1. What number of residues within the stretch 1-55 satisfy the criterion of being open to solvent by less than 20 Å² (accessible area, probe 1.4 Å), touching a His at 6+ places or on another chain (Cβ under 9 Å) and outside any loop (DSSP other than H, G, I, E, B)?
2. Go through the stretch 229-250 and give me each residue that's among the aliphatic types (A, V, I, L, M) and surrounded by fewer than 20 Cβ atoms within 10 Å (Cβ to Cβ).
3. For residues that are over 12 Å from the mean Cα position of the chain (by Cα), outside any loop (DSSP other than H, G, I, E, B) and crowded, with 24+ Cβ neighbours inside 10 Å, tally how many sit in the stretch 82-99.
4. Among the residues of the stretch 56-81, which ones are part of a helix (DSSP H, G or I) and among the aliphatic types (A, V, I, L, M)?
5. What number of residues in the stretch 166-177 are farther than 21 Å from Asp20 by Cα and either of a type in the set (Lys, Arg) or open to solvent by 10 Å² or more (accessible area, probe 1.4 Å) (or both)?
6. Would you please name the residue that is nearest to Ala93 (Cα to Cα), looking only at residues in the stretch 208-228 that are touching a residue at least 40 places away in the same chain (Cβ under 8 Å) and surrounded by 20 or more Cβ atoms within 10 Å (Cβ to Cβ)?
7. Take Arg119 and tell me if it is of a type outside the set (Gly, Ala, Ser) and without any contact (Cβ under 8 Å) to a residue 12 or more places away in the chain.
Amino acid sequence: MTNSAQFYLHGLPGSEAELDFALPGWKQNCDLKALDRLTLDDEHEFAIETMAAQIANFESVHLIAFSLGAMSALKLAARMPDTVTKLDLIAPAAPLELGDYLNDMAGKPIFEAARDGGRLRILSFVQGVIAKTAPSILIRAMFANAVPADKALLDDDCMRIMLRDGLRHCLFKHQAAYKSELRSYVSPWLRILDNINCPVSIWHGQADNWTPAESSKALCKRLGAKASLTEFENLSHYSTLKAVLPNIVR
């Protein structure tokens, strides 16, 4: 059994390209592995089982998760308390049961559709066609109400490449897995927080309108003494990822 490892779990929509954006040269310079749950199984819970098997060969695992990747990281930590020894959650999408935060989330229409299988099928089909043929249309829609800290990043070629790759990865290549994870997210999963034993560092931009900063405060409070929260006054979603990731990856 090998000693330790760091794994990264991307957002949703998202992909490994988030690392190329926030941590250029990571494959050559960092002891970090991307853990892509969407390629493992179309059903989210089976993907969690496969990821658990992948990290079981390590004595100590540090999970770094962005946005909706936080749910998978927390599930793995709860399932494998002796293996997952540290969590870093960047702009996490916390359980919706923690409070009335859905109205403040940019993904509200998607999450509402995830509660209705028919609506999600139609919406994801349309989005998948656009993601394949004209991803810039989806990107403009995603950032229509973005705050300056995130809009400014659209001038970065790596940011645009990351967004296009993430959209195609989730909405075109692995749409079934994407939909399954969305359904899992809007279902109750707050109870797994009771089984988190490792230290949890939460990083959140106060200007984030994708995942509200107030939800991270509630998550930190719910996790108790094992958790800490660091906030950034002028940062939003992707700008927090870019600011934080280089400082927590070894």
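1. Qualifying residue count, the stretch 1-55: 8.
2. If the condition is that a residue be among the aliphatic types (A, V, I, L, M) and surrounded by fewer than 20 Cβ atoms within 10 Å (Cβ to Cβ), then Leu229, Ala243, Ile248, Val249 are the ones that fit.
3. Residues that pass the stated criteria total 2.
4. If the condition is that a residue be part of a helix (DSSP H, G or I) and among the aliphatic types (A, V, I, L, M), then Ala70, Met71, Ala73, Leu74, Leu76, Ala77, Ala78 are the ones that fit.
5. Of all residues in the stretch 166-177, those farther than 21 Å from Asp20 by Cα come to 175-177.
Going one step further and asking which of them are either of a type in the set (Lys, Arg) or open to solvent by 10 Å² or more (accessible area, probe 1.4 Å) (or both), we end up with 175-176.
Qualifying residue count, the stretch 166-177: 2.
6. Taking the candidates together, the pick is Thr211.
7. So Arg119 passes the test.
The values are calculated or read from the model by the stated rules, or taken from the named source; none is laboratory data. All figures in this text were calculated on a predicted structure; none of them were measured in a lab. Cβ: placed from backbone, ideal geometry, glycine included. Neighbour counts: every protein chain shown. With ligands, DNA and RNA removed, areas are computed over all heavy atoms of the protein, side chains included. Shrake-Rupley method; radii C 1.70, N 1.55, O 1.52, S 1.80 Å.
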